[in-house]
Amino acid sequence: MQACCAEVGQHNRLFVNITITTVNTDLARILEPRAPRPDLRLEAVRQLNLAGVPAGVICAPCFRHHRHTQRSRSAGGSIAHAGAKSIFANPLFLKPCSASVFLPFLEKEFPRLVASYRERYEQRAFLPPAYGKRLSQLMARLRAKHGIRNEYDRYARRPHTASALAGEDQLNLFQRSA
């Protein structure tokens, strides 16, 4: 894997973000029963970065009332240890189609939270901007604490080079030279 990723990283402009909702495996099994475990996702971040493909972590969705500070500290350390080049978070949003699945799930798994979620999302799909701002501030503190520089911005905004625009075909990524 590393050789292939290194080749892709040398010849292409990309940044990989992997979503990790929680580093707690037991909680992850409840929230995402069919998804890869958090430790496997963190290992993927580590391997990509070792191979020269910059990778970071998206902590999403962030749920209210899940002890953000304590869990975020734990996640921040694990993410930094994996060598993530960025970390950011997005709060949960519940559009009607998602709410019709999420709220019954919440009733089953976390019944003490249902009333609060119904109240917060009854009239809107997104939480107020102030919550997102607090979440961004928490992520900034975690990045500072763990020395994560958020290099995603550097890769995302890097100007296209002439070679990148020279008509290279995506299929070339999968062709090996003889």
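Values in this text are rule-based calculations from the coordinates and carry no lab data. Predicted model only: the values in this text are computed from it and were never measured. Positions of Cβ are backbone-derived with ideal geometry, glycine not excepted, and every protein chain shown enters the neighbour counts.
The label-point distance for Asn150 and Arg134, in a model that sets each label 7 Å from Cα toward Cβ, rounds to 1.9 nm. Among Asp26, Asp39, sorting on how many other beta-carbon atoms sit within 10 Å of each Cβ, with the fewest leading, yields Asp26, Asp39. Across the stretch 81-97, computed HN-Hα scalar couplings (Karplus, 6.51 cos²θ - 1.76 cosθ + 1.60, θ = phi - 60°) run 4, 6, x, 4, 8, 7, 8, 8, 9, 10, x, 4, 10, 10, 6, x, 5 Hz from first to last residue, x flagging Gly and Pro. I need the fraction of alpha carbon pairs in the stretch 27-143 separated by more than 23 Å, rounded to a whole percent. The answer is 37 percent, as a whole percent.
Ranked for footprinting exposure by Cβ neighbours inside 10 Å, fewest first, Val53, Val45, Val101 give Val101, Val53, Val45. Working from label points 7 Å from Cα in the Cα-to-Cβ sense, the Leu50 to Thr25 distance is 1.9 nm.
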